[in-house]
Amino acid sequence: MIKNILRLYFIMGSMNTQENDPLDVLEKALQGGVTCFQLREKGVASLQGQEKYSFAEKCMKLCQTYHVPFIVNDDVELALALNADGIHIGQEDEAAALVRKKIGPEKILGVSVHNVEEAFLAQKAGADYVGIGPVYTTSSKEDARIPAGTKVIEQVAIQYPNLPIVGIGGLTEGNLVPVIRAGGAGVALISAIASSQDPRNQAKQLRDKIEQVLEKE
Ligand SMILES: Nc1nc(C(F)(F)F)ncc1COP(=O)(O)OP(=O)(O)O
Ligand SMILES: [Mg+2]
């Protein structure tokens, strides 16, 4: 069930782990209990072509070992070539309805939205979940919009109670509770785990915190 995989949604690209090996960081995050992984290989230092494909394939194999869904950000052709579990697209990427047609009904389709109207259109186009953010200031996305807090999460959760939501943007163990209280099924994050010197323990602490809050909802 989609809501369950959104609980602790780790997102990372090879450029997010500084001097650490991204595959090692990913394996530790999987051991720590992340519930979904998205490869977001984009930006100036990102891998391209065959290097990107090989890295993505290694990430996917790790996710398969830990029975965690493997999602590709933006790159529909890469997701199809790998037979990934799903794809995540934003408003400036390929149209959601077209992507749904390309990947078929069984794959996971996530869409970034910033307001109720975009959430409505995403659901109509066949999105399985929406990413809403940035909740707080983020250092992981150069073209991030102004942080909106949890206001849009609340609005979308009220309007479309059956549309799974994951919050994103500057999320940490210390500030994620409002995202769940606002109606998020989970939290998506990059640097809280990717920049940690102990990704496994950080993932475990985040997962425990999220489960604790969800139990009270
Ligand atoms: N990768 C993402 N994943 C999520 C998820 F929902 F998975 F948490 N939400 C939002 C994004 C942002 O994706 P990005 O490609 O950087 O920007 P844009 O949305 O502008 O295309
Ligand atoms: Mg995108």
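The values are calculated or read from the model by the stated rules, or taken from the named source; none is laboratory data. All values reported here derive from a predicted model rather than from experimental measurement. A quick note on method: Cβ atoms are made from the backbone with ideal geometry, for glycine too, and the neighbour counts reach across all protein chains shown. The accessibility values were calculated without ligands, DNA or RNA, using every heavy atom of the protein model including side chains. Shrake-Rupley method; radii C 1.70, N 1.55, O 1.52, S 1.80 Å.
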* Once every DSSP H run of n ≥ 4 in the chain is given -39500 (n - 2.57) and the sum is divided by its residues, what mean residue ellipticity at 222 nm do you get, rounded to the nearest 500 deg cm²/dmol? -> -12500 deg cm²/dmol
* To do: Using the heavy atoms of the protein chains and a 1.4 angstrom probe, tell me the accessible area per residue for the chain in square angstrom.
  => 46
* Shape call, region 159-217: gyration tensor on alpha carbons, a/c limit 1.5 -> prolate
* Structure fact -> Low-density loop chymotrypsin sites (Phe, Trp or Tyr not before Pro), region 38-88, at most 16 other Cβ within 10 Å, DSSP non-H/G/I/E/B, are 66
* Asked: For the residue pair residue 124 and residue 50, what label-to-label distance in nm results when each label sits 7 Å from Cα along the Cα-to-beta-carbon direction?
  -> 4.5
* Please list 117, 27, 215 in order of solvent-accessible area, largest first, computed with a 1.4 Å probe with all protein chains present. => 215, 117, 27
* Percent of accessible area on the chain owned by carbon and sulfur, 1.4 Å probe? -> 51
* Asked: Which Rg and Dmax, in Å, describe the Cα atoms of the chain?
  -> 15.8, 46
* Most positive-pole-ward Cα, 15, 183, 205, against dipole of the chain from beta carbon charges -> 183
* Based on Cβ point charges of +1 for Lys and Arg and -1 for Asp and Glu, what charge dipole magnitude is obtained for the chain about its Cα centre, in debye rounded to the nearest 20? -> 460
* To do: Starting from the Cα gyration tensor of region 97-217, take the square roots of the eigenvalues, sort them a ≥ b ≥ c, and report rounded, prolate or oblate (rounded when a/c is under 1.5, otherwise prolate if a/b is larger than b/c, else oblate).
  => prolate
* Asked: Net charge near residue 122, counting Lys/Arg +1 and Asp/Glu -1 over other residues with Cβ under 14 Å of its Cβ?
  -> -4
